[in-house]
Amino acid sequence: MNERVDTTVLYSAVLRPHRSAGIRGARMVTGILTVVVAASGTGFALAGAWPILPFFGAELLLLYGALRLNQRAGNAEEAINLTRRALTVRRTDHWGKQSCVSFPPHWLQVNLLPLPGDDNRLELRSHGHSLAIASFLTPDEREALALTLRRALGRLVPPPAEVASSATSA
């Protein structure tokens, strides 16, 4: 069998969490709030309430830290690749740790499970193993991804050797 045909990528997608502002936006928000807090802190200090200044500073540091953690969480990604031999999901978490899971595509089920409210869960299942994917996408985006994956799997035809062997055994 032609090895190149078996490793040709038939479908590929890289999923990342949406982040509306980057590190520059986090710095800008923190900078604007620093100006506001400095002005109000100066007013409090002139009025004799100077102990408020360390609390204002601590709040700014906590806000900046929370914004940075949010941005770091946006570094996660899931890469989905479909070949004739496997559908592979390679995950990279927000710390950079990678994991990889493969499923045989001819037996793969793509399940979109409804959850309470308007939420859902996208799950890949084969041979008793399952994997939830795209948890950071919106429910509509998970539904569109499920439809796309089902179509890509539906277009997958058995390799020529399997077709020939099943035709001769019939």
Open item on the list: Just the residues that are surrounded by 12 or more Cβ atoms within 10 Å (Cβ to Cβ), in a helix (DSSP H, G or I) and not β-branched (V, I, T), please, taken from segment 12-27.
Closed with: G25, A26, R27
Task: Residue pairs meeting the criteria (Cβ under 7 Å; at least 6 apart or on separate chains; first farther than 19 Å from R90 by Cα, in segment 114-143; second among the acidic types (D, E) and not in a strand (DSSP E or B)) - done: N120/E143; P139/D118; P139/D119
Open item on the list: Filter segment 46-69 down to the residues that are without any contact (Cβ under 8 Å) to a residue 12 or more places away in the chain, assigned to a helix (DSSP H, G or I) and exposed (fewer than 14 other Cβ atoms within 10 Å of the Cβ) and list them by number.
Closed with: L46, P54, F55, A58, L61, L62, G65, A66, L69
TODO: Name every residue in segment 70-84 that is part of a loop (DSSP other than H, G, I, E, B) and either under 20 Å from V14 (Cβ atoms) or of a type in the set (A, V, I, L, M, F, W, C) (or both), in order of residue number.
DONE: G74, N75, A76, T83
- [ ] Return yes or no: is R151 touching a residue at least 60 places away in the same chain (Cβ under 8 Å) and either more than 30 Å from V29 (Cβ to Cβ) or over 19 Å from the mean Cα position of the chain (by Cα) (or both)?
- [x] no
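Readers should treat all values here as calculations from the given coordinates under stated rules, not as data from a laboratory. Being a predicted model, the structure only gives us computed values, none of them experimental. All Cβ positions, glycine included, derive from the backbone under ideal geometry; neighbour counts span all protein chains shown.
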